[in-house]
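Asker: Let me give you the structure first, and then I'll get to my questions.
The values are calculated or read from the model by the stated rules, or taken from the named source; none is laboratory data. Only a predicted model underlies this, so the values are computations on that prediction, with no experimental measurement involved. So basically every Cβ, Gly included, is an ideal-geometry build from the backbone, and we count neighbours across all protein chains shown. Side chains are part of the model used for accessible areas, which takes the heavy atoms of the whole protein and leaves out ligands, DNA and RNA. Shrake-Rupley method; radii C 1.70, N 1.55, O 1.52, S 1.80 Å.
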Amino acid sequence: LRDLKTAQEAQRLIMPPDEGEHGGVRYAIRQQSGRFVAGDLFDVVDLGSGRIAIFLGDVAGKGIGAAILMATAQTHLNASLKVHNDAAKAVTEVNRYISQHSAANKFISLWLGIFDSSDRSVSFVDAGHGHWLCITPGQPVKRIEAAGGIPLGIDGDFEYKADRLELTPESRVVLFSDGVVEEPGPEGLFGLQRTIDALEPCCTVKDDVAALFKAVRDYSQTPDSLADDTTVASIQFA
């Protein structure tokens, strides 16, 4: 119990505000610790000149060990982004560090994107994460196919490459941890389709986060005690 409380406090301390706007990018986020903290990480890094880096990751494992790895990865990602100003270089560097300084069975799935308000583009790396969607008004909620790469901590020599996404002024990128789709309920896991259905009626970043969290909590039938760490974030150009 003490380890659980320590891990939860570590998450709270390094989590950014629930909503904000930086350099022409608007976001909303909500996070709820699970019964056994698994180490979700999220951060917003202002790189200047209208470029904002946002990442969401999920550490394999539970408890204080996962929380320490989560905090370490978040700190190094933040620093590496400010040095390199490049999504692929930052993820490659942090992967090398995590691979050298964590146990063989510890790894992190990660989505990291640099939002550039000058041309409404996103340069992103999906390192074994996959839990994200793009919403454009008037179109179906969709998944984006990307080259991606393996989770951090598996192969320190892996070289990540960035993909590129162009957004319309109204488009939103919704990121979530596996705690969303893997939340158990009366008909099995919550899953991707219920995630999409929850987001279909939404119009703003705050709506996305609120609606998806409500849907997961309602489905779980134990809204105050979700099975895993659950994080939802929505981002758009302001």
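Asker: Do any residues in the range 47-65 that are closer than 15 Å to S121 by Cα and modelled with pLDDT of 90 or more have Cβ atoms under 6 Å from those of residues that are open to solvent by 20 Å² or more (accessible area, probe 1.4 Å) and assigned to a loop (DSSP other than H, G, I, E, B), where the two are at least six apart or on different chains, and which pairs are they?
Answerer: L47/N85; G50/G23; G50/G24; G50/S117; G50/S118; I52/G23
Asker: Among the residues of the range 57-65, is there at least one that is over 15 Å from G156 (Cβ atoms) and open to solvent by less than 10 Å² (accessible area, probe 1.4 Å)?
Answerer: Step one: of the range 57-65, the residues over 15 Å from G156 (Cβ atoms) are 57-65.
After this cut, where a residue has to be open to solvent by less than 10 Å² (accessible area, probe 1.4 Å) as well, the list is 57, 59.
There is at least one residue in the range 57-65 that is over 15 Å from G156 (Cβ atoms) and open to solvent by less than 10 Å² (accessible area, probe 1.4 Å).
Asker: Restricting to the range 182-223, give me the number of residues that are in contact with a Ser or Thr (Cβ under 6 Å, 6 or more places away or on another chain) and at pLDDT 95 or above. Before the answer, list the steps.
Answerer: Filtering the range 182-223 down to residues in contact with a Ser or Thr (Cβ under 6 Å, 6 or more places away or on another chain) leaves 183, 185, 205, 208-209.
Now narrow it down to the ones that are at pLDDT 95 or above: 205, 208-209.
Here the count works out to 3.
Asker: Now, a different point. Look at the range 192-238 and say how many of its residues are under 26 Å from H22 (Cα atoms), open to solvent by 10 Å² or more (accessible area, probe 1.4 Å), touching a residue at least 60 places away in the same chain (Cβ under 8 Å) and part of a helix (DSSP H, G or I).
Answerer: Of the residues in the range 192-238, 2 are under 26 Å from H22 (Cα atoms), open to solvent by 10 Å² or more (accessible area, probe 1.4 Å), touching a residue at least 60 places away in the same chain (Cβ under 8 Å) and part of a helix (DSSP H, G or I).
Asker: Report, by residue number, each residue of the range 95-147 that is part of a helix (DSSP H, G or I), open to solvent by 10 Å² or more (accessible area, probe 1.4 Å) and free of Cβ contacts under 8 Å to residues at least 60 places away in the same chain. So that I can check it myself, show each step before the final result.
Answerer: Quick first cut of the range 95-147, residues part of a helix (DSSP H, G or I) only: 95-101.
Next, only the ones that are open to solvent by 10 Å² or more (accessible area, probe 1.4 Å) stay: 96-97, 99-101.
Scanning the range 95-147 gives Y97, S99, Q100, H101.
Asker: In this structure, is F124 under 19 Å from the mean Cα position of the chain (by Cα), modelled with pLDDT under 95 and within 17 Å of S177 (Cα to Cα)?
Answerer: So F124 does not fit the description; no.
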